[in-house]
Amino acid sequence: MKDLDELALAMPQATKGVSDDGRPTYSVHEKFFCFHRSRRPDAVDPETGERLADVLVFRVADLGEKEAMLADDRGIFFTTPHWNGYSAVLVRIPDLARIDRDELRDIVAEAWLTRAQKRVAKAWLAEQGIAEE
């Protein structure tokens, strides 16, 4: 979570909000790009049946990107019926340890790009030497 916090807040104009129970939400222009969701009935531990308290939501560019991430053989990314048709993937916090920092940086940047204003995103991409798609 420390890496996520550092990477998310390194993005231009990113802010962090924290719920009363300590769950962070990372936003740009008041639009979330990653957040730690509360316990929900659609995400339960398959062994205990308890609602999961350790689920992060990352925005993704589109449903094609979501499907590509869900197809990852490591099984890190998942979704639930609640997120059907929505451009986001879920990750359990303990699974962040299975994602190296460079990959996490890419996931955070891609999530941020889905919400950043076009001019801010364009400037950041140019700074990174990344051609716009």
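The values are calculated or read from the model by the stated rules, or taken from the named source; none is laboratory data. The structure presented is a predicted model; accordingly, all values stated were derived computationally and were not measured. Heads up, the Cβs are rebuilt from the backbone with ideal geometry, glycines too, and the neighbour counts pull from every protein chain shown. Protein only, heavy atoms only, side chains kept; ligands, DNA and RNA dropped before computing areas. Shrake-Rupley method; radii C 1.70, N 1.55, O 1.52, S 1.80 Å.
Residues in the range 57-67 that are out of contact with any helix residue (DSSP H, G or I) (no Cβ under 8 Å at 6 or more places or on another chain) and more than 13 Å from Leu90 (Cα to Cα) were compared, and the one that is surrounded by the most Cβ atoms within 10 Å (Cβ to Cβ) is Leu63. Might you let me know whether the range 11-20 holds any residue that is within 16 Å of the chain's Cα centre (by Cα), farther than 21 Å from Ser87 by Cα, open to solvent by 50 Å² or more (accessible area, probe 1.4 Å) and touching a residue at least 24 places away in the same chain (Cβ under 8 Å)? No, the range 11-20 contains no residue that is within 16 Å of the chain's Cα centre (by Cα), farther than 21 Å from Ser87 by Cα, open to solvent by 50 Å² or more (accessible area, probe 1.4 Å) and touching a residue at least 24 places away in the same chain (Cβ under 8 Å). Taken together, the residues in the range 47-68 that are under 13 Å from Asn84 (Cα atoms), touching a residue at least 24 places away in the same chain (Cβ under 8 Å) and in a helix (DSSP H, G or I) amount to 1. Could you tell me whether Ile76 is within 29 Å of Ala126 (Cβ to Cβ) and either touching a Gly at 6+ places or on another chain (Cβ under 7 Å) or without any contact (Cβ under 8 Å) to a residue 24 or more places away in the chain (or both)? It is false that Ile76 is within 29 Å of Ala126 (Cβ to Cβ) and either touching a Gly at 6+ places or on another chain (Cβ under 7 Å) or without any contact (Cβ under 8 Å) to a residue 24 or more places away in the chain (or both).
Looking at this structure, is Leu113 closer than 15 Å to Leu7 by Cα and hydrophobic (A, V, I, L, M, F, W, C)?
yes
Residues in the range 77-104 that are in a loop (DSSP other than H, G, I, E, B) and of a type outside the set (Phe, Trp, Tyr): Thr79, Thr80, Asn84, Gly85, Ser87, Ile99, Asp100.
Taken together, the residues in the range 79-133 that are in contact (Cβ under 8 Å) with a residue 60 or more places away in the chain, over 15 Å from Phe35 (Cα atoms) and of a type in the set (S, T, N, Q) amount to 1.
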